[in-house]
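Every number in this text was worked out from the coordinates using simple rules, so none of it is lab data. What you are looking at is a predicted structure, and each value in this text was computed from that prediction instead of being measured. A quick note on method: Cβ atoms are made from the backbone with ideal geometry, for glycine too, and the neighbour counts reach across all protein chains shown.
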Amino acid sequence: MKIFFGLLKAHFKDITRDKTVIFWFFLFPLIIVLMYGAIFSEGSYGTMSSGSFDQTFNLSLSAPSTSTAAIIFENIPVFAITRVDKDLALQNLNDNNTDVAVIVEEDSGKEIVSVHYNSDQNSMGFFVANFIKQVLTEADLQMSNVTRRYEVKEIAKEIDSLRMIDYLLPGILAMALMQLGLFGSMQFVSYRERHITKRLALAPISKASFLSSEVLLRLMMGLVQGVLILSLGFLIYKVPINGSLASIFGIIVLGSMVFISLGYFLCSFTHTSEAAMGVIQIIQFPMMFLSGIFFPMSFLPSSLRPIVKALPLTYLGDGMRQIILGVSGEFSMLTNVSVLMGWFVVTFFLAVKSFRWE
């Protein structure tokens, strides 16, 4: 244990001695928060929804079995329809699990079609509601009788929109943890270049003690990053912190462990800092721009979705957003945590197997 704490102290001194490390790992994320907050603090992303903008529109439909409007909807290719009762349809809308809730009721030979949707500026419900109205109006015109068969009512639900800075802050924290894990592992490559690890291999120091002290220090740095970034967002831009501290710290620790393990695994294949930098850049740039930390995944083309779903930062950013803001996400929290745990187990095993002093 004495050796472990000695290593921890030595790692800490080595990191704090380099002022560029302090800037990139602590000050740079805060500058990003301030810059994005100044630009996007008034803008809105709307409420996050798992609906897809470029594939289909999700409809929660409640209708009698004799409804002809329901038959029309089921024959429209862009509608993904879920048949539910009225209460569940409205609940799906409240939970952002559908773009619109359509309630069809029969009254004196007419079908009253109530289209409920959220009224935030990025909700697709407004467009779906207007499309439904046009479709049913055209269906009425094509009928031979004069009496109108369908009456459409649009019911917009007023909701609080999620500001852009609210959406961005958890993503910035996820990005900071990714960079801490990936670029922080380059310190070990530097040790190898300076032959420090060669001397450590001759000392009574186990690989487990060395790696554990490095990982613990990075975890502590990740928690400090989290406190600084969230405090800045809350105090200056009033970003809501709705999750418990235990849950927030838990997802920070899990995310840090994933990228620390991934960073050590990637650096095990390189012999110089320049090579390590190149490998890490190849990995981190796609994750930064395809994982949905800066904009909703629904803005990306469907052809990129398989790649997006393979990136660990996707699940860290989504989990952060759900826990910190208390909003629904692209995936369930069970999925987010399970995928991150899977990434950690695999990358940690590979990092340990590929670890070498020289």
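One table, with the values for the structure above:
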| quantity | calculated |
| --- | --- |
| Cα convex hull volume per residue for the chain (Å³) | 147 Å³ |
| Region 156-241: trypsin sites (Lys or Arg not before Pro) in DSSP coil with no more than 13 other Cβ atoms inside 10 Å | Arg194, Lys238 |
| Antiparallel bridge percentage (DSSP; both residues within region 57-157; nearest 5) | 30 percent |
| At R0 = 30 Å, FRET efficiency that the Cβ-Cβ distance of Asp140 and Ser65 yields, to 0.05 | 0.90 |
| The chain - percent relative contact order, Cα under 8 Å, separation 6 or more | 20 percent |
| FRET efficiency, 1/(1 + (r/R0)^6) with R0 41 Å, evaluated for Met35 and Arg194 via beta carbons | 0.70 |
| Full-stretch length increase - Leu223, Phe349 - with 0.36 nm per residue and alpha-carbon distance subtracted | 43.0 nm |
| Cα-centred dipole magnitude for the chain, charges only on beta-carbon of K, R (+1) and D, E (-1), debye, nearest 20 | 2200 debye |
| Region 57-157, relative contact order in percent, only Cα pairs under 8 angstrom and at least six apart counted | 27 percent |
| DSSP beta bridges in the chain [antiparallel fraction, %, rounded to 5] | 35 percent |
| Top positive-direction residue, dipole computed over the chain with Cβ charges, set Phe12, Met287, Ser231 | Phe12 |
| Region 153-243: relative contact order in percent, alpha carbon pairs under 8 Å with at least 6 residues between | 48 percent |
| Count, lysine Cα pairs under 29 Å in the chain, 8 or more residues apart or across chains | 28 |
| The chain: calculated mean residue ellipticity at 222 nm from DSSP helix runs of at least 4, using -39500 (n - 2.57) | -19500 deg cm²/dmol |
| Dipole axis of the chain (+1 Lys, Arg; -1 Asp, Glu on Cβ), positive-most option in Ile22, Gly342, Leu325 | Ile22 |
| Rounded to the nearest 20 debye, dipole of region 57-157 from Cβ charges on Lys, Arg, Asp, Glu | 140 debye |
| Estimated FRET transfer efficiency when R0 is 51 angstrom, pair Glu151-Ile236 (beta carbons, to 0.05) | 0.55 |
